[in-house]
Amino acid sequence: MTQICTSNLIPKEIIGLWYWNEQKECFQNENRKAPSPDAEKKEFMITNNFKFSTKMDKVDELIFLQEFQRHATSYDSDLIVMQDVKNLVAFLAPSAIVTKSLIEFVNTKTVDAFMKALIMYFDYFLKIVEFILVERDEVAAEDARILSTENTEMRRVYSAHLQQYRLLLAREYSLIILGEGELKKFYHLRPIVNLSKTTFDKSIHESFLAFCTQFVWISMHRRAYDVIDMEMNRLFRSEHFKLTRYPRLQFNKPEAQILYGPNYRRSNYRIQSSPLIQELNKVSRHNLPILSIGQQKYIGTDIRIIQLEMEYIVNVAQLTLIGLSFGILGHPKSLYDTLLKLDWEAVRENNFSKNYDPYGIITQPHLKVPALNEEKLRLYAKTCEPYFKLECQSELWTREMVKKWKRRDKFINQFKENGVITDIWVKCSKEIADNSYGPPVEEIVTKFLDGKAKHRKER
């Protein structure tokens, strides 16, 4: 597979069912020209009325690996980072989403930081939802027990932690709404005339929410899509403007209080603001340092703020060094296929178990039991004035990749029509007839030095 991906030739794949013909004593292929209705349902997933592909044929897979995958000279190329998930979502997205404006919008540091905070929030949110559903089944069982005071205190701590993640996400979302700096050209008001670009703003908002939903769903091992879609709509639309209703995921008042926090209020749709903006309207004193995480180095004694800062500023490829795992981020690529689906055979070959699980694959989802007096102790923590500024590095698409993504469909069609895709027999014949000795020494040395400089620390 590696040799094929690095070549300019891609073998054609015959799609259909292979069976053994006893009369001719050979394998034959029963080609199916039109997919069945069941197959059509499985090949697409509808998110915000956009149809995302869920599969790749062999030709598209090899084109993706050769032209759109992250380069081997990039940082931590053997691990899954956010850029890998973005590449996959952009490749599987419909043409209506992959527009020039969305590609440029996603390829900014502000949006990259927003998506990091989004992953942190949904990783914890899904764990709390599962905790609530398990607890609901335990209470409804025949041998159910009455919940103790410790259980109530634990719920409060979980709700406080979730609120802190939501506050960090709200800060990143507010930077996008303000439309300053690198996002100024995407702001909804036209300069000078101050007229709102309603159609453009609606288009990029819907496309970006669909992109983020797929991004989170794939990052979270493709689990709990309904929960992710429901919460994504609630956060950025509020309860009044949800596109999809999920009757099975109805939470009672105590459960909703844990998930949504004390600041969430429902009002008339004319004056309703999104839950993220509601979090910013009422921030407690001991949570104020969260608003400067990633921008200023925290100096104080609040252990919870230190933990949040570490989760945010540490690159997802090094999360295992601090004992964390956000879905599939930071996991070795060798454990996943091209669609970033977990290969359990590879997991078994690496002998992962409950005792040896550095990436949290066997023990997922894992929710630690917090200290019950944690939030009370935070009230007595001391915070000093910060004097160090932080700047988190993010690896974005290069100019060449941005141009390639902007004309993705044309590029793929040209790739297929210009004779790049050919039969394996022709490929082997050309390789046998080729008498060249490969690239010159100067080119090999240049690539080696570029790769080495990429992984060296900057002075």
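Inside region 276-287, can you point out the residues that are in a helix (DSSP H, G or I) and either polar (S, T, N, Q) or under 14 Å from Ile177 (Cα atoms) (or both)?
Matches in region 276-287: Leu276, Ile277, Gln278, Leu280, Asn281, Asn287.
Which fully enclosed strands (runs of 3 or more DSSP E) of region 1-83 have 3 or more residues being at pLDDT 80 or above?
By residue number, 44-47, 50-53.
Just the residues that are assigned to a loop (DSSP other than H, G, I, E, B) and either open to solvent by less than 40 Å² (accessible area, probe 1.4 Å) or touching a helix residue (DSSP H, G or I) at 6+ places or on another chain (Cβ under 6 Å) (or both), please, taken from region 360-376.
Gly360, Ile361, Pro365, Leu367, Pro370, Leu372
Can you find a residue that is within 30 Å of Ile80 (Cα to Cα), hydrophobic (A, V, I, L, M, F, W, C) and in contact with a Cys (Cβ under 7 Å, 6 or more places away or on another chain) anywhere in region 118-129?
yes
Sort out which residues of region 201-226 are crowded, with 17+ Cβ neighbours inside 10 Å, among the small types (Gly, Ala, Ser) and assigned to a helix (DSSP H, G or I), and write them in order of number.
Once the filter is applied, which keeps residues that are crowded, with 17+ Cβ neighbours inside 10 Å, among the small types (Gly, Ala, Ser) and assigned to a helix (DSSP H, G or I), region 201-226 yields Ser207, Ala210, Ser219.
For region 306-336, how many residues are more than 16 Å from Gln83 (Cα to Cα) and of a type in the set (D, E, K, R)?
2
Pull up region 227-261, narrow it to residues that are in a loop (DSSP other than H, G, I, E, B) and without any contact (Cβ under 8 Å) to a residue 40 or more places away in the chain, then point me to the one that is most open to solvent (accessible area, probe 1.4 Å). Walk me through it before giving the result.
Within region 227-261, the first condition is being in a loop (DSSP other than H, G, I, E, B), and the residues that meet it are 238, 242-246, 250-252, 261.
Checking which are without any contact (Cβ under 8 Å) to a residue 40 or more places away in the chain leaves us with 238, 242, 244-246, 250, 252.
Working: Ser238: 3, Lys242: 35, Thr244: 56, Arg245: 140, Tyr246: 41, Gln250: 123, Asn252: 79 Å².
Filtering region 227-261 for residues that are in a loop (DSSP other than H, G, I, E, B) and without any contact (Cβ under 8 Å) to a residue 40 or more places away in the chain, the one most open to solvent (accessible area, probe 1.4 Å) comes out as Arg245.
Looking for something of a type outside the set (S, T, N, Q), open to solvent by 20 Å² or more (accessible area, probe 1.4 Å) and farther than 27 Å from Arg237 by Cβ - is there at least one such residue anywhere in region 272-287?
Start the filter on region 272-287 by keeping residues that are of a type outside the set (S, T, N, Q), which leaves 275-277, 279-280, 282-283, 285-286.
From what's left, open to solvent by 20 Å² or more (accessible area, probe 1.4 Å): 277, 280, 282-283, 285-286.
Restricting the remaining residues to those that are farther than 27 Å from Arg237 by Cβ gives 285-286.
Yes, region 272-287 contains at least one residue that is of a type outside the set (S, T, N, Q), open to solvent by 20 Å² or more (accessible area, probe 1.4 Å) and farther than 27 Å from Arg237 by Cβ.
Tell me which residues, restricted to region 340-358, are outside any helix (DSSP H, G or I) and touching a residue at least 12 places away in the same chain (Cβ under 8 Å).
Scanning region 340-358 gives Leu340, Lys341, Leu342, Asn350, Pro358.
Is it the case that Ile290 is open to solvent by less than 20 Å² (accessible area, probe 1.4 Å), assigned to a helix (DSSP H, G or I), in contact (Cβ under 8 Å) with a residue 60 or more places away in the chain and closer than 22 Å to Ala113 by Cα? Steps first, please.
On the way: open to solvent by less than 20 Å² (accessible area, probe 1.4 Å): yes; assigned to a helix (DSSP H, G or I): yes; in contact (Cβ under 8 Å) with a residue 60 or more places away in the chain: yes; closer than 22 Å to Ala113 by Cα: yes.
So Ile290 passes the test.
Being part of a loop (DSSP other than H, G, I, E, B) and of a type in the set (S, T, N, Q) is the filter; apply it to region 299-335 and report the residue that is nearest to Ala72 (Cα to Cα).
Asn315
Considering only region 55-69, state which residues are within 19 Å of Val98 (Cβ to Cβ) and open to solvent by 30 Å² or more (accessible area, probe 1.4 Å).
Lys55, Met56, Asp57, Asp60, Glu61, Leu65, Gln66, Glu67, Gln69
From the list Tyr75, Tyr121, pick out the single residue that is over 10 Å from the mean Cα position of the chain (by Cα) and more than 18 Å from Gln318 (Cα to Cα).
Only one candidate passes the filter, namely Tyr121.
I need every pair where a residue in region 54-73 that is farther than 18 Å from Phe44 by Cβ has its Cβ under 8 Å from the Cβ of a residue that is at pLDDT 90 or above and acidic (Asp, Glu), sequence separation at least 6 or different chains.
Filtered contacts from region 54-73: Gln69/Asp84; Arg70/Asp84.
The values are calculated or read from the model by the stated rules, or taken from the named source; none is laboratory data. Since the model is a prediction, treat every value here as computed from it, not as a measurement. Glycine gets a Cβ as well: all are built from the backbone with ideal geometry, and neighbour counts include every protein chain shown. For accessibility, only protein heavy atoms count, side chains too; no ligands or nucleic acids. Shrake-Rupley method; radii C 1.70, N 1.55, O 1.52, S 1.80 Å.
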